[in-house]
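Chemist: Just passing along the structure, written as structure tokens.
Read the figures in this text as sums done on the coordinates, not as results from a lab. Since this is a predicted model, take the numbers as computed values, not measurements. A quick note on method: Cβ atoms are made from the backbone with ideal geometry, for glycine too, and the neighbour counts reach across all protein chains shown.
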Ligand code: PMP
């Protein structure tokens, strides 16, 4: 906060792919407001659905109750994912937290309480709450809070995981580890997890879901069959906080019993299945069909690949990573004489890009470009031009 200038990045309005700040400056939202915005900001189809639903049923608890909008959304999500039950929450971390707790209790209910350990990938990130943090592997987010965190195992070899009798679940981000700087993990890493195994498989599509890697879910490219699937961010199209943990029938049924057996899931959030957020999500799903969003993503991703390839020989750039519309350009920090008012060299670049009309947020030394799926090729061209002009 000591270097935060409220004259920049105090956003007061948005439309399509653009944000407008309090000084009247318009910028391209090159990070989709941290990977949430799908069809563009304030899309009339979504804002109308929100307004309509707000006048019918604003909120009603989902604890021991339900509402038709959430029911319809659950149905649609099951059709899309191949899973069969949906547990709603608000943020991605809450969806992950619920998945971890479900996995632990699944094994208790199944008579295998010894299965308590969680396996995660190297460089993983699953959110900032205690459970999600425990299965995360990025030091800056986790180390300070290590006393809170439970012990986990970093995934090395599939054979080691299946051999151990104490593993409750393996949790993975499919194909792209976004918070690690759009780290693209080779698909082979996931192939072994597509084979049958005793531990449950939790797939975290909070960042990768809803078309960002080219397919609706990144999991579709891996052959994995998750027992639990976490979604959030783009679920509502990016308009409202909504997340969900999807489960298979096998997982769901392990929790059903007579009330006195207490096998059910003691977990719930006040705004779970909020009807307005669910209406936004239904409208967003419809837009995928109406606007042929995935076809647009395919051509945009191809264009982006060509654009980024041109950067590879630039001595100021250490590495370029991308899959679909998730990309990061790692700069060479040594080329910066000293950080000016901003905390890191990458922030210097991001600030210079802001002046040129592009809002991005560095991840370490990486400048990220994760644009709304509705972006144009001209906007991507302009981003890359601004990046090259902003490098020292
Ligand atoms: N999982 C992944 C893969 C994420 O990238 C994130 C957030 N960046 C989360 C979970 C947490 O989501 P939220 O910020 O909505 O809590």
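Chemist: Quick check on packing: order 221-231, 178-188, 61-71, 139-149 by the mean number of other C-beta atoms within 10 Å, highest mean leading.
Modeler: With the highest mean Cβ count within 10 Å placed first, the list reads 221-231, 178-188, 61-71, 139-149.
Chemist: Specify the angular offset, from 0 to 90 degrees and rounded to the nearest 10, of the alpha carbon long axis of helix 275-290 from the longest principal axis of the alpha carbons in the chain.
Modeler: It works out to around 70 degrees.
Chemist: Then there is this: Could you state the principal axis extents of the C-alpha atoms in region 215-263, from the largest down, to the nearest angstrom?
Modeler: 41, 30, 9
Chemist: Another question, if that's okay. Using a ≥ b ≥ c from the Cα gyration tensor of region 93-212 (square roots of the eigenvalues), is it rounded, prolate or oblate, where a/c under 1.5 gives rounded and otherwise the larger of a/b and b/c decides, a/b for prolate? Mind showing how you got there, number by number?
Modeler: Values: a/c = 1.56, a/b = 1.17, b/c = 1.34.
Note, shape of region 93-212 comes out oblate.
Chemist: Could you give the nm distance between label points at residue 249 and residue 2, where each point is 7 Å from its Cα heading toward the beta carbon?
Modeler: Taking the simple label geometry, residue 249 and residue 2 are separated by 5.9 nm.
Chemist: From the convex hull of the Cα coordinates of region 140-207, what is the mean projected area in square nanometres? Don't skip to the end; give the middle numbers.
Modeler: Details: hull surface 21.6 nm².
For region 140-207, the mean projected area of the Cα convex hull comes to 5.4 nm².
Chemist: Where does each of 28-35, 262-269 land if you order them by average Cβ count within 10 Å, highest first?
Modeler: Listed from highest to lowest mean packing, they are 28-35, 262-269.
Chemist: Give the percent of DSSP beta bridges with both residues in the chain that are antiparallel, rounded to the nearest 5.
Modeler: That works out to approximately 65 percent antiparallel.
Chemist: What share of the DSSP beta bridges in region 123-282 is antiparallel, in percent to the nearest 5?
Modeler: Roughly 45 percent of the DSSP beta bridges within region 123-282 come out antiparallel.
Chemist: Please order 331, 167 by the number of other Cβ within 10 Å, starting at the fewest. Write down the numbers at each step before the final one.
Modeler: Details: 331 26, 167 23.
The most exposed by this proxy come first: 167, 331.
Chemist: If you don't mind, another one. Report the gain in length on full extension from residue 361 to residue 22: 0.36 nm times residue separation, minus Cα-Cα distance, nm rounded to one decimal.
Modeler: Here the answer is 120.2 nm.
Chemist: Taking only C-alpha pairs under 8 Å that are 6+ residues apart, what is the relative contact order of region 175-242 in percent?
Modeler: Numbers: 89 pairs, mean separation 20.9, N = 68.
With pairs under 8 Å counted, the relative contact order is 31 percent.
Chemist: I'd like the orientation of helix 68-81 relative to the chain: the angle between its Cα long axis and the longest Cα principal axis, in ° from 0 to 90, rounded to 10.
Modeler: Tilt relative to the chain: about 80 degrees.
Chemist: Let me ask something additional. What number, in percent, do you get for the relative contact order of the chain if the mean sequence gap of Cα pairs under 8 Å and at least 6 apart is divided by its residue count?
Modeler: In percent, rounded to a whole number, it is 23.
Chemist: Give me the distance between the Cα centres of region 208-280 and region 70-147, rounded to whole Å.
Modeler: After rounding, the separation between the Cα centres reads 10 Å.
Chemist: Continuing with the same structure: On alpha-carbon atoms, Rg over Rh for region 16-89 using Kirkwood Rh?
Modeler: That ratio is 1.08, to two decimals.
Chemist: Calculate I(q)/I(0) for region 20-168 by the Debye formula, one identical point scatterer on each C-alpha and no solvent, and give its log10 at q = 0.10, 0.13, 0.17 Å⁻¹ to two decimals.
Modeler: Debye intensities relative to I(0), on a log10 scale: -0.56, -0.89, -1.20.
Chemist: Treat the count of other C-beta atoms within 10 Å as a stand-in for reagent exposure and order 80, 191 from fewest to most. Mind dumping the intermediate values first?
Modeler: Details: 80 17, 191 13.
The most exposed by this proxy come first: 191, 80.
Chemist: I've got another one for you. Relative to the longest principal axis of the chain, what angle (0 to 90°, nearest 10) does the C-alpha long axis of helix 293-309 take?
Modeler: Compared with the principal axis, the helix lies near 50 degrees.
Chemist: For region 301-371, report the % of Cα-Cα distances exceeding 20 Å.
Modeler: Within region 301-371, distances greater than 20 Å cover 28 percent of Cα pairs.
Chemist: Just from its helices, what would the mean residue ellipticity at 222 nm be for the chain, if runs of 4 or more DSSP H residues each count -39500 (n - 2.57) and the sum is divided by every residue, rounded to the nearest 500 deg cm²/dmol? Numbers along the way, then the final one.
Modeler: On the way: 13 runs with 129 residues, N = 392.
Helix contribution divided over all residues of the chain: -9500 deg cm²/dmol.
Chemist: Along Cα→Cβ, 7 Å out, is where each label goes; now give me the distance between the ones at residue 309 and residue 114 in nm to one decimal.
Modeler: In this crude spin-label approximation the distance works out to 5.3 nm.
Chemist: Measure of size requested: the Rg and Dmax of region 263-310, with Cα atoms as the atom set and Å as the unit; please supply both.
Modeler: Both quantities, over Cα of region 263-310: 18.4, 56 Å.
Chemist: Let me ask something else. Hey, could you pull the Cα Rg and Dmax for the chain, both in Å?
Modeler: According to the Cα coordinates of the chain, Rg and Dmax are 21.2, 68 Å.
Chemist: On to the next question. If I model a spin label as a point 7 Å beyond the Cα along the Cα-Cβ vector, how far apart are those points for residue 298 and residue 220 in nm?
Modeler: Taking the simple label geometry, residue 298 and residue 220 are separated by 1.0 nm.
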